[in-house]
Each structure stands twice: as structure tokens, then as C-alpha cells.
1. Give me the residue from the stretch 91-101 that is assigned to a helix (DSSP H, G or I) and more than 10 Å from the ligand (Cβ to nearest atom) and, out of that set, surrounded by the fewest Cβ atoms within 10 Å (Cβ to Cβ).
2. For the stretch 42-74: of the residues being over 19 Å from VAL156 (Cα atoms) and small (Gly, Ala, Ser), which is surrounded by the fewest Cβ atoms within 10 Å (Cβ to Cβ)?
3. Please pick out the residue among ALA34, ALA38 that is surrounded by 14 or more Cβ atoms within 10 Å (Cβ to Cβ), part of a loop (DSSP other than H, G, I, E, B) and touching a helix residue (DSSP H, G or I) at 6+ places or on another chain (Cβ under 8 Å).
4. Residue under question is ALA146, and the condition is that it be within 30 Å of PRO4 (Cα to Cα) and either touching a residue at least 12 places away in the same chain (Cβ under 8 Å) or not acidic (Asp, Glu) (or both); does it hold?
5. Specify which of the listed residues (LYS166, LYS172) is in a helix (DSSP H, G or I) and away from the ligand (no atom under 16 Å from the Cβ).
6. Of the numbered conditions (1) touching a Leu at 6+ places or on another chain (Cβ under 6 Å); (2) over 18 Å from TYR176 (Cβ atoms), PRO56 satisfies every one except a single condition; which is it?
7. Determine if the stretch 70-83 includes at least one residue that is at pLDDT 95 or above and closer than 20 Å to PHE137 by Cβ.
8. In the stretch 72-131, what count of residues is obtained for those that are within 20 Å of PHE49 (Cβ to Cβ) and of a type in the set (Lys, Arg)?
Amino acid sequence: MEMPVLETIRTLRSMRRLKPDPVEPHKIHLILEAAGKAPSGGNSQPWEFIVITDPPVKKQLRDLTVQGLEIYAKSNLRIPKDAVTEFLQPTNPVTLMAQNTDKVPVLILACLNTKRARRLTDDWAWLEEQANWASVFPAVQNMLLAARALGLGTAVSIFPLFLLEKLKQLLKVPDYVKPGILVYVGYPATRFSEASRLPIETFIHKDGW
Ligand SMILES: Cc1cc2nc3c(=O)[nH]c(=O)nc-3n(C[C@H](O)[C@H](O)[C@H](O)COP(=O)(O)O)c2cc1C
């Protein structure tokens with residue numbers, strides 16, 4: 001029986017510990033199909049998905065991800081300087097996931113194809129950027145939810161983006177395509193627990209801020 005959508009949403013977590021077991025290609029196809037059902041500005045569908053399963057490519061992607069993680073830890077204003085070394089230890093699930101990138105069965109780089117994206121005049125460049133990424137992330141979320149409903153675990157990472165040019169070179173990404181986020185997909189190695197979030201009332205502003 002299929003999982004009710006609200007339960008799928010409620011139990012969708014970053015699954016940073018994934019089994020190395022392969023994922024059936026039809027399941028990957030199903031989650032990509034779910035991504036492609038997402039809304040986008042003017043139905044522009046500016047998303048692109050690079051599906052990575054080749055072990056040597058995954059190894060190079062792992063190296064970029066670990067380098068990106070180090071840059072992130074040092075440039076994150078919310079990580080105190082004296083906490084960086086501890087952040088980079090494998091006892092931190094974020095670090096462990098980055099270090100194990102090559103062991104994840106399927107990695108999907110979600111990208112923005114600027115040739116299909118909306119174009120605004122230069123004075124609206126900020127809005128163009130915002131609106132176009134807002135047309136990619138619902139697709140990513142659909143992918144995460146579809147994977148969860150199929151019993152697969154997912155996690156996302158921006159770390160390889162810290163080495164953008166090397167990442168584009170590795171995956172032969174054309175100039176007009178911007179990488180957005182790397183999605184990890186595999187069978188979960190731990191159970192799904194409920195997400196820890198503040199009560200929604202914290203964020204609600206009635207009739208204005
Ligand atoms: C835009 C975005 C970027 C993220 N980047 C990373 C990342 O680089 N590495 C990572 O381990 N998790 C990353 N995450 C996952 C968040 O850390 C995670 O969703 C958040 O801490 C909530 O935890 P939960 O998914 O377990 O409920 C990212 C999430 C989003 C939405």
C-alpha cells in the first residue's frame with residue numbers, strides 16, 4: 001500500500017547513513033518522474049538531473065565534496081573558529097556523509113538550465129535568479145518525497161558547489177547549466193524518525209509581520 005502524503009512529509013528526514021546496496025533503476029526513474037511533475041514558473045521546467053552511479057566519478061565527487069565541506073566549515077559564520085576541527089570529525093554525521101559520498105549507490109545533481117529558465121531585464125536580475133531556483137527546488141522536494149514513499153533514504157549536499165568549476169568539469173556540465181544541489185539516494189541504514197522542528201506558530205504572521 002502507498003504511504004499517505006502527509007505521513008511521507010512528516011517522516012522525511014535527511015538520511016545521512018545509507019546502505020551501499022544498489023537501488024533498482026525503476027525506482028530511480030519513479031523519483032525522477034515525480035521531480036518532473038513539479039510546478040515551475042510559466043511551466044518552464046528549467047530543471048536538469050545528472051544521475052551519477054559510476055564508481056570512479058563518485059570517487060572524484062567524494063573528493064570535491066570533502067574539500068567543499070572543509071571550505072564550508074571554515075567559512076560558516078555560525079561555526080565558531082575553535083569548533084571547526086571537531087565539526088570535521090567523522091563523529092559529525094554531516095562530515096561522515098561527505099566522506100562516504102562514493103559509497104552511496106545513486107547521486108543526483110539537480111541543476112538549473114538557464115536556456116529554459118525565465119529571462120528578465122538586467123535590473124530584475126535578483127528576481128530572475130530567485131524565481132528560477134524556485135522553479136528547481138520544488139522538483140527536488142518531489143524527488144525526496146517520492147524516494148521516502150518508496151522506502152528509500154535521501155540527503156542533500158551543497159558542499160561540492162564550493163568547487164563549482166571543478167564540479168562542472170567532472171560532470172561535463174555545459175556553461176548555461178548551473179548546479180544547484182547534490183541529492184544522495186539509497187536504502188536507509190537507520191530508521192526514519194520524526195523531523196525536529198519548531199512549532200509552526202513560531203513562523204506565522206497574521207495580516208502582515
Ligand atoms: C538548501 C539545503 C542545503 C543543504 N545542505 C546540506 C549539506 O551540504 N550537507 C548536509 O549534510 N545537509 C545539508 N542539508 C540538510 C539540512 O541540514 C537538513 O535538512 C536540516 O538540518 C534538517 O534536518 P532533517 O532533514 O534531518 O530533518 C541541506 C538542506 C537544504 C534544504
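1. For the stretch 91-101, the residue satisfying everything is GLN99.
2. Applying the filter and picking the extreme gives GLY42.
3. ALA38
4. Criteria met by ALA146.
5. The match here is LYS166.
6. (1)
7. Yes, because at least one residue in the stretch 70-83 is at pLDDT 95 or above and closer than 20 Å to PHE137 by Cβ.
8. 3
The values are calculated or read from the model by the stated rules, or taken from the named source; none is laboratory data. Values in this document were obtained by computation on a predicted structure and should not be read as measured data. Cβ atoms come from the backbone with ideal geometry, glycine included; neighbour counts cover every protein chain shown.
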